[in-house]
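The values are calculated or read from the model by the stated rules, or taken from the named source; none is laboratory data. The structure presented is a predicted model; accordingly, all values stated were derived computationally and were not measured. So basically every Cβ, Gly included, is an ideal-geometry build from the backbone, and we count neighbours across all protein chains shown.
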Amino acid sequence: MLKEQVQLDLTAAQKAREEQKVSTLRMLVAAFNNMEIAKRGKADVSEDDYMTVVKQEAKKRKEAIEAYKVAGRAESQALEEAELEILAAYLPEQMSEDELKSIVDAVVEEKGIDNMGLIIGEVMKRAQGRADGGVVSKLVREKLG
């Protein structure tokens, strides 16, 4: 599903001569292949595994963007932002902060605990991959004050 879609988009980008997109999607296909090799013989590869790879690659781009911003390397930052934009098309739509706040409130109320790690873990599980860990951490910190 996801891998096939990436392959189709890669072919279309090659035909359209979209160099940036071709480069980014080739990197993603290589990351998929590396994950498949790592899992070979251990377990079947699921759609969630492919989604995890896309999330990891997007996270790498976000970290690189921040590093380039601090270093004042605008050209490299713009390149990473373009790659992140391409990868974002394959990620599930992220929840809004308001939606996450309501989940955080519900978890704190239900669990009655003040262990930040446990709360973040439960919120991330309920968000089903549609939340950024940094945002969740910030909201939990605000809630526990």
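Just a few scattered comments:
- In the range 3-53, residue farthest from ALA88 (Cα to Cα) [restricted to those that are small (Gly, Ala, Ser) and part of a loop (DSSP other than H, G, I, E, B)]: GLY41
- Condition check for GLU75: within 18 Å of the chain's Cα centre (by Cα) and assigned by TED's automatic domain parsing to the domain that holds VAL54: no
- ALA13 touching a helix residue (DSSP H, G or I) at 6+ places or on another chain (Cβ under 6 Å), among the aliphatic types (A, V, I, L, M), at pLDDT 95 or above and buried (at least 16 other Cβ atoms within 10 Å of the Cβ): yes
- Qualifying residue in the range 76-94 (condition: on the phi > 0 side of the Ramachandran plot and surrounded by fewer than 13 Cβ atoms within 10 Å (Cβ to Cβ)): no
- Note on the range 54-109: residues that are free of Cβ contacts under 8 Å to residues at least 24 places away in the same chain, under 16 Å from VAL136 (Cβ atoms) and either part of a loop (DSSP other than H, G, I, E, B) or of a type in the set (Gly, Ala, Ser) (or both) total 3.
- Looking across the range 103-122 at every residue that is surrounded by 13 or more Cβ atoms within 10 Å (Cβ to Cβ) and small (Gly, Ala, Ser), the one that is farthest from the chain's Cα centre (by Cα) is identified as ALA106.
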